Amino acid sequence: MSKSPDTQRPPSQSHGAASMEKIVSLCKRRGFIFQSSEIYGGLNGAWDYGPLGVELKRNLKNYWWRTMVHERDDIVGMDGSILMNRLVWKASGHEDTFSDPMVDCRSCKARLRADQVINKKGEKQCPTCGGKDLTEPRAFNLMFKTYVGATEDESSITYLRPETAQAIFVQFKNVLDVARKKLPFGIAQIGKAFRNEINPRNFTFRSREFEQMELEYFCRPEQGMELLEYWKEERLKFYENIGISRENLHVLTVPDEERAFYSKGTYDIEYEFPFGRQELEGVAYRTDYDLSQHQKASGKSLEYFDEETKHKFIPHVVEPSAGVDRTVLALICEAYTEDEAPDEKGKMETRTVLRLHPRMAPIKCAVFPLLKNKEELVAKAKEIVDRLRPHMFVFYDEGGAIGRRYRRQDEIGTPFGVTVDFETFGEKDGSLRDTVTLRERDSMKQERVKISDLPGILVSRIL
């Protein structure tokens, strides 16, 4: 079960200002993503999500769950444990074959995946120092080993799961019995996975601890190839529905020699990151390999009984497997833009904007009193916050000039801003009483709306 090569393709020109340096800086400055254990020098390949990052991540997972489970009749969910019996990983093949080829550079001591080595004029070179004194590739198992119980011996070994899928396969029969589903049907799961990557890189893209959103969609053998195509298209629609342009998405048909031996077909859905085209999600037709392996190793039947034909057989499975952290990074890269906007004095300045889709944005609406030293403005703004909170995540801000407050919210992707001003009290025009200014992030256009209409307007534009 070796992993397919992750060859880096040249960066696209479509992102313009979205250099990784700017994105990483924004993520830390605004509280999206921090280096894990930063005050102790960090831990390579581990990241913490701050107040805004955790909201963005949660919005992504909730929308995936909504579209995969809640809006369908043929998919149910489960949440498997991170630790499993070691025999699961023996049966699945992970213990013996879940590895990457590793190469060491003797000159600079860099440790590399074999596919990172540069080939110049027929000679292999280290991408870090250009040295040619490299070791031969050797297999490096990517699973984190641990021990269960009080003794650390051979009998207590297990692993942190390198994927969430195996929990679904070993619970297939239990879920089938309680869910009472007929083929084709799926089991969905979101959860943590761990891989001891040789060389974590590209910010959160390749990490040692990450989250997956996986679906195992079980079917009859003759349905497999058709469902592979179906799920490829469904997953492309998903990414478009969360704000990722189809222009920046690419479908790679994985060649026979790079596919897992048990796969009859695999697509990689790739995204044009600033550091190159890379995989967001794999959609694979895994045949009946996994259930067959676990049935054979456990001695327990994982067959499906077809009521119509009165035959038993092991179902085949199509697996769309997406990375949560990779998708969050893609959302930020896709949304990051810089444009020109006037400041309070009318002078043009650079505006940083995260053009996140409203359903993904961490904060849906910011509410501002025009002036913080006017009690009636502040009280009315806080009243509006209380009115909106049951419907969405709202942020209240009264500090600084109103233009500065708009810019702060633009930079973190808040799609709407509501300003309470003196017109809200009808000072110059009685017809504007109990109305507020509603500002849209991307266009910066403003409109007057009734406070009573505000929840309905915003909800309709967010969903």
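The values are calculated or read from the model by the stated rules, or taken from the named source; none is laboratory data. Keep in mind the model is a prediction, meaning the values are calculated, not measured. Quick reminder, even Gly has a Cβ in these numbers, built from the backbone with ideal geometry, and neighbours come from all protein chains shown.
Run Asn119 past the list (1) at pLDDT 90 or above; (2) not assigned by TED's automatic domain parsing to the domain that holds Arg195; (3) not small (Gly, Ala, Ser) and report the number of the one that doesn't hold.
(1)
This table checks each residue for (1) among the β-branched types (Val, Ile, Thr); (2) free of Cβ contacts under 8 Å to residues at least 24 places away in the same chain.
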residue: Tyr396; (1), (2): no, no
residue: Val420; (1), (2): yes, no
residue: Phe425; (1), (2): no, no
residue: Arg433; (1), (2): no, yes
residue: Arg448; (1), (2): no, no
residue: Leu458; (1), (2): no, no
residue: Ile462; (1), (2): yes, no
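Listed here are the residues, each with its yes/no results for (1) surrounded by fewer than 21 Cβ atoms within 10 Å (Cβ to Cβ); (2) of a type in the set (A, V, I, L, M, F, W, C); (3) assigned by TED's automatic domain parsing to the domain that holds Glu222; (4) over 30 Å from Val328 (Cα atoms).
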position: Thr253; (1), (2), (3), (4): yes, no, yes, no
position: Arg259; (1), (2), (3), (4): yes, no, yes, no
position: Ser263; (1), (2), (3), (4): yes, no, yes, no
position: Tyr271; (1), (2), (3), (4): no, no, yes, no
position: Gly276; (1), (2), (3), (4): yes, no, yes, no
position: Leu280; (1), (2), (3), (4): no, yes, yes, no
position: Ala284; (1), (2), (3), (4): no, yes, yes, no
position: Ser292; (1), (2), (3), (4): yes, no, yes, yes
position: Gln295; (1), (2), (3), (4): yes, no, yes, yes
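Can you tell which of Leu356, Leu329 is outside any loop (DSSP other than H, G, I, E, B) and either crowded, with 22+ Cβ neighbours inside 10 Å or of a type outside the set (A, V, I, L, M, F, W, C) (or both)?
Among Leu356, Leu329, only Leu329 is outside any loop (DSSP other than H, G, I, E, B) and either crowded, with 22+ Cβ neighbours inside 10 Å or of a type outside the set (A, V, I, L, M, F, W, C) (or both).
In segment 73-126, what residues are over 26 Å from the mean Cα position of the chain (by Cα), farther than 24 Å from Pro200 by Cα and surrounded by 15 or more Cβ atoms within 10 Å (Cβ to Cβ)?
Matches in segment 73-126: Arg86, Val88, Ala91.
One residue is enough: does segment 181-190 have a residue meeting the conditions surrounded by 19 or more Cβ atoms within 10 Å (Cβ to Cβ) and assigned to a loop (DSSP other than H, G, I, E, B)?
Within segment 181-190 (the criterion being surrounded by 19 or more Cβ atoms within 10 Å (Cβ to Cβ) and assigned to a loop (DSSP other than H, G, I, E, B)), the answer is yes, since at least one residue qualifies.
Against the definition (surrounded by fewer than 17 Cβ atoms within 10 Å (Cβ to Cβ) and aliphatic (A, V, I, L, M)), how does Ala167 come out, yes or no? Write out each step before concluding.
Working: surrounded by fewer than 17 Cβ atoms within 10 Å (Cβ to Cβ): no; aliphatic (A, V, I, L, M): yes.
So Ala167 fails the test.
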